[in-house]
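A.B. asks: Before I ask anything, here is the structure I am working with.
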Amino acid sequence: MSVAKFFDDMSYGPAPEADTEARGWIKRHNGTFGHFINGEFRASSGNKTFVTHEPATGGDLAKLAIGTKDDVDAAVVSARKAQAQWAKLSGHQRARHLYALARMIQRHGRLLAVVEAIDNGKPIRETRDIDVPLAARHFYHHAGWAQLQESEFSDHVPVGVVGQIIPWNFPLLMLAWKVAPALALGNTVILKPAEFTSLTALLFAELAAAAGLPPGVLNVVTGEGETGALIVEHDGIDKIAFTGSTDVGRIIREKTAGSGKSLTLELGGKSPFIVFDDADLDGAVEGVVDAIWFNQGQVCCAGSRILVQEGVAEKFHARLRRRMQTLRVGQPLDKAIDMGAIVAPVQLKRIEKLVKQGVDEGATLYQSEIELPKGGSFFRPTLLANVQPTSIVATEEIFGPVAVSMTFRTPEEAVQLANHTRYGLAASVWSETIGLALHVAARLQAGVVWVNATNLFDAAAGFGGKKESGFGREGGREGAYEYLKPKAWANRKARLDYAVPQLRTTAGDFAAPLIDRTAKLFIGGKQARPDGNYNRPIISPKGKLVGEVGEGNRKDIRNAVAAAQGAASWGSATAHNRAQILYYIAENLSGRADEFIARLAAQTGRTPGSARAEFDASVSRLFTYGAWADKYEGVIHQPPLRGVALAMPEPQGVVGVICPPEAPLLGFISLVAPLIAVGNRAVVVPSEPYPLSATDFYSVLETSDVPAGVVNIVTGSAMELGKALASHNDVDAVWAFGSQALSEMVEKASVGNLKRVFTDYGKAYDWMDPAQGEGPLYLRRATDIKNVWIPYGE
Ligand code: NDP
């Protein structure tokens with residue numbers, strides 16, 4: 001072949017990366033790996049193994065152990081033993097270990113990059129330039145949190161032993177996202193990599209031990225889904241951190257319900273990629289390349305749903321199709337390819353099937369007419385245009401190099417289409433008008449929004465989803481909190497049972513009966529009769545009738561949720577406005593001290609002094625959240641690029657609140673005030689035995705300018721109403737305080753839309769103690785951080 005030909009067509013020649021070292025490492029282990037437990041490799045107790053394959057050739061790569069119950073037990077024992085000592089190290093000592101791990105990744109960067117490319121099928125260009133450097137960056141960043149732990153997180157302690165389950169799309173990077181924060185903050189780990197891609201986790205563990213990480217601090221147990229399930233259900237594990245499919249995320253939520261295990265779920269997505277007619281179209285076309293053909297589209301936050309404004313749709317699609325012809329699909333170790341192999345034949349079949357379904361449903365198929373390598377699992381860069389929003393390819397995560405595209409006319413329609421999904425992981429907005437881009441970014445239901453960019457990541461900027469994309473964040477300060485628990489809540493005792501007192505009539509009691517004062521429900525700013533038209537008596541500990549309240553049911557909850565949905569503008573009210581209203585509530589409440597104190601004493605049988613203390617604390621707590629309303633703010637990250645990432649706390653939306661039985665007024669205010677301070681709307685079930693302080697509160701709300709629907713109150717059974725709230729798909733989060741059974745039920749029932757749950761597992765709080773009952777501990781749980789990335793420059 002003549003050199004002139006290459007000058008003529010400018011085509012690429014092969015540029016293979018050497019794989020001698022990587023294959024040499026596998027050979028040194030005789031192509032067989034055990035689990036990495038307590039600082040050493042050991043075979044599976046059941047001697048069961050499976051073979052891991054090379055996606056680009058289909059050939060065998062290595063034999064791996066399948067983790068059994070005994071293996072998981074051994075890993076838990078080793079992690080538990082190490083945890084006490086690991087947590088005792090000073091932050092500085094742990095920081096040095098994390099630093100050593102970061103340096104180790106850099107020193108062995110090439111080996112890790114090659115093993116990853118062989119094992120996963122992704123291009124070496126990506127493993128070398130993205131996965132490995134970002135993994136190192138995570139360890140550097142978290143070495144910093146370890147160093148600062150004593151000063152920045154002095155009111156928290158480590159969670160303990162953590163089970164981490166990761167997928168196959170970014171094996172080393174997902175390990176780093178999970179292991180770095182866990183270890184930095186004093187936890188120890190049992191990690192299960194995905195069965196398709198376990199090699200870099202085993203290599204990392206081996207290198208970490210050589211870098212001096214103490215035995216037991218990081219354990220790697222390989223295997224299939226069943227091994228993951230053993231970790232999830234293990235009693236000796238304090239927290240599960242999972243990344244993977246929404247279906248498995250749901251199973252894990254159900255399995256851990258009521259166990260008290262802390263849980264973070266990073267699940268699937270169907271992220272919108274919105275192109276306005278004033279966008280830099282060439283920039284946006286390059287954006288699509290990074291959004292959906294990066295990592296063969298096997299990216300949870302892939303911009304897989306392109307929404308283009310109608311006027312530029314034709315031009316944009318034409319340029320995109322032209323660009324698709326220049327993409328190169330090839331061997332992962334070729335340094336000049338854009339896309340490598342799909343992880344496994346089963347995933348390839350899934351992609352093929354979904355694309356066929358999309359075409360059957362009317363989509364126009366466009367694929368790059370490029371040559372694919374022979375053998376292995378390869379798929380062409382694919383665009384499905386003219387897709388209906390209800391088509392399976394527009395709603396399901398394809399997890400392959402397939403973009404679907406639709407058009408819109410107005411920004412309003414773009415937001416509606418973008419949010420028309422059960423997922424809420426990421427979004428990308430393209431417009432040269434910064435005002436429009438930020439206006440849209442604020443309204444997108446997503447944990448991350450990239451303006452004129454896509455798929456940017458940094459250890460300092462938390463990553464995670466909304467809705468069925470899961471909960472919790474990885475990275476940044478918010479990610480660090482996921483591996484800590486508050487000291488103030490450590491010594492809570494199991495709550496006593498609240499038996500409903502019986503009505504006692506005393507012979508010869510001729511006192512005049514109560515004038516009928518049945519409290520109604522409070523829905524949409526109005527007092528409403530309960531749907532079932534039943535009431536329940538409220539009886540004092542001495543057996544006296546102190547009042548009656550409505551017996552709320554599912555329909556009342558439905559009405560209350562609809563009213564709360566209708567009050568969405570509360571979330572965009574100014575923080576100053578919300579602060580003023582909280583102070584106003586406090587003012588109006590304080591004017592009615594005698595009445596509220598008498599009611600507290602009458603319901604609970606407590607002394608007037610104790611009732612007054614609860615009342616005063618309630619007024620003070622309202623002031624606390626009036627104070628926080630305009631001070632609980634975000635931060636501006638400065639990631640390593642020319643630009644900023646705005647980390648903004650956003651309200652979760654509609655929150656169901658089941659108040660604790662104790663502290664009828666203070667418990668109610670301690671939960672409702674932080675929620676509304678940051679813009680949530682609440683549907684509240686007051687203390688079941690003592691609901692009258694909450695029903696008396698209606699008139700305080702009515703006179704304090706609280707917009708209708710922001711606080712709704714439904715009295716009745718905590719269990720029954722809690723179930724209706726936890727299983728309602730328009731409720732975004734549930735805060736449930738009461739019995740252990742209530743916690744378990746609420747966590748189980750929350751799986752439908754994977755709502756966030758904040759619950760106490762039957763442990764009673766001392767609401768009078770501000771360290772336990774107020775402040776950022778609650779505000780953090782009332783919000784989710786959204787990161788809006790804004791690169792700048794010409
Ligand atoms: P899974 O959710 O099944 O796997 C993720 C991890 O969980 C793996 O380590 C897996 O083990 C493990 N696992 C599987 N079942 C259980 C269980 N019951 N309990 C505990 N752990 C379990 O994803 P897949 O790898 O099967 O991919 C399926 C689809 O999920 C993809 O097509 C894609 O749509 C989506 N996905 C989303 C990801 C994301 O980041 N959002 C990442 C990966 C996949 P093992 O690998 O051994 O089965």
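A.B. asks: Kindly sort E126, E40 by accessible area of their heavy atoms, largest first, with the probe set to 1.4 Å. Each step should come with its number before you reach the end.
C.D. replies: Working: E126 10, E40 100 Å².
Final ranking, largest accessible area leading: E40, E126.
A.B. asks: For the chain, report the accessible area per residue in Å² (1.4 Å probe, heavy atoms, rounded to an integer). Mind dumping the intermediate values first?
C.D. replies: Numbers: 30710 Å² over 794 residues.
Here the residues of the chain average 39 Å² of exposed surface.
A.B. asks: Another question about this same structure. Over segment 332-436, what is the relative contact order in percent, taking alpha-carbon pairs closer than 8 angstrom and at least six residues apart?
C.D. replies: Values: 104 pairs, mean separation 23.5, N = 105.
Here the relative contact order equals 22 percent.
A.B. asks: Here is a follow-up. Under a straight-distance cross-link criterion of Cα-Cα below 26 Å, which lysines are reachable from K487, leaving out those fewer than 8 residues away in the same chain?
C.D. replies: Straight-line reach from K487, under 26 Å: K81, K88, K178, K239, K261, K631, K755, K763.
A.B. asks: At a 1.4 Å probe, what is the % contribution of carbon and sulfur to the accessible area of segment 306-357? Working shown, then result.
C.D. replies: Details: 1220 of 2360 Å².
That share works out to 52 percent.
A.B. asks: Rounded to a whole number, what % of the accessible area of segment 402-462 do carbon and sulfur atoms account for, probe 1.4 Å? It would help to have the intermediate numbers written out before the result.
C.D. replies: Values: 1070 of 1950 Å².
Of the solvent-accessible surface of segment 402-462, carbon and sulfur hold 55 percent.
A.B. asks: Right, next: Using a 10 angstrom Cβ neighbour count of at most 12 plus a DSSP loop assignment to flag exposed trypsin sites (Lys or Arg not before Pro), which longest range of the chain is free of such sites?
C.D. replies: Details: sites that count: K374, R409, R504, R517, K542, K631, R642.
Result for the longest clean stretch: 1-373.
A.B. asks: Right, another one. For D8, what accessible area in Å² do you get when you roll a 1.4 Å probe over the heavy atoms of the protein chains, rounding to the nearest 10?
C.D. replies: So the heavy atoms of D8 present about 130 Å² to solvent.
A.B. asks: Is any helix in the chain, taking whole DSSP H runs, at least 27 angstrom long along its axis by alpha carbon and on average at least -0.5 on the Kyte-Doolittle scale, and which ones?
C.D. replies: On the way: long enough: 69-88 (29 Å, -0.60); 132-152 (30 Å, -0.54); 608-629 (31 Å, -0.05).
Within the chain the helices that satisfy the rule are 608-629.
A.B. asks: Per 5 Å bin from zero, what fraction in whole % of the C-alpha pairs of segment 676-745 is there, up to the bin with the longest pair?
C.D. replies: 3, 15, 25, 24, 20, 10, 3, 0
A.B. asks: So how strong a dipole does segment 149-232 carry about its Cα centre when Lys and Arg Cβ are +1 and Asp and Glu Cβ are -1, to the nearest 20 debye?
C.D. replies: Numbers: 2 positive and 7 negative charges, 24 e Å.
My answer is approximately 120 debye.
A.B. asks: With an 8 Å Cα cut-off and a minimum separation of 6 or more residues, compute the relative contact order for the chain in percent. Each step should come with its number before you reach the end.
C.D. replies: Numbers: 1812 pairs, mean separation 92.6, N = 794.
Value for the chain: 12 percent.
A.B. asks: Using a 1.4 angstrom probe on the protein heavy atoms only, line up S572, S610 by accessible area, largest first.
C.D. replies: Working: S572 100, S610 45 Å².
If we order S572, S610 from most to least accessible, we get S572, S610.
A.B. asks: With a 1.4 Å probe and all protein chains in place, put T52, T407 in order of accessible area, largest first.
C.D. replies: Final ranking, largest accessible area leading: T407, T52.
A.B. asks: Quick one: 3J(HN,Hα) in Hz for segment 536-550, Karplus 6.51/-1.76/1.60 with θ = phi - 60°, rounded, Gly and Pro as x.
C.D. replies: Couplings: 10, x, 10, 10, 6, x, 7, x, 8, 6, 9, x, 9, 10, x Hz.
A.B. asks: Given the protein chains as shown and a 1.4 Å probe, how many square angstrom of M719 are accessible, to the nearest 10?
C.D. replies: Taking all protein chains as shown, M719 has close to 80 Å².
A.B. asks: At most 13 other Cβ atoms within 10 Å plus a DSSP loop assignment makes a site exposed; report the longest stretch of the chain without any exposed chymotrypsin sites (Phe, Trp or Tyr not before Pro). List each step's numbers first, then the result.
C.D. replies: On the way: sites that count: Y12, F510, Y534, Y792.
Here the longest run is 13-509.
A.B. asks: Once you have the Kirkwood Rh of the chain from its Cα pairs, apply Stokes-Einstein at 37 °C and 0.692 mPa s and quote D in µm²/s. Working shown, then result.
C.D. replies: On the way: Rh = 28.0 Å.
Once the numbers are plugged in, D ends up at 117 µm²/s.
A.B. asks: Could you look at segment 709-765 and say what percent of its accessible area is carbon and sulfur, using a 1.4 Å probe and all protein chains?
C.D. replies: Working: 740 of 1470 Å².
Percent of accessible area from carbon and sulfur atoms in segment 709-765: 51.
The values are calculated or read from the model by the stated rules, or taken from the named source; none is laboratory data. None of the values given here were measured: they were computed from a predicted structure. A quick note on method: Cβ atoms are made from the backbone with ideal geometry, for glycine too, and the neighbour counts reach across all protein chains shown. Surface areas here come from the heavy atoms of the whole protein model, side chains and all, with no ligands, DNA or RNA. Shrake-Rupley method; radii C 1.70, N 1.55, O 1.52, S 1.80 Å.
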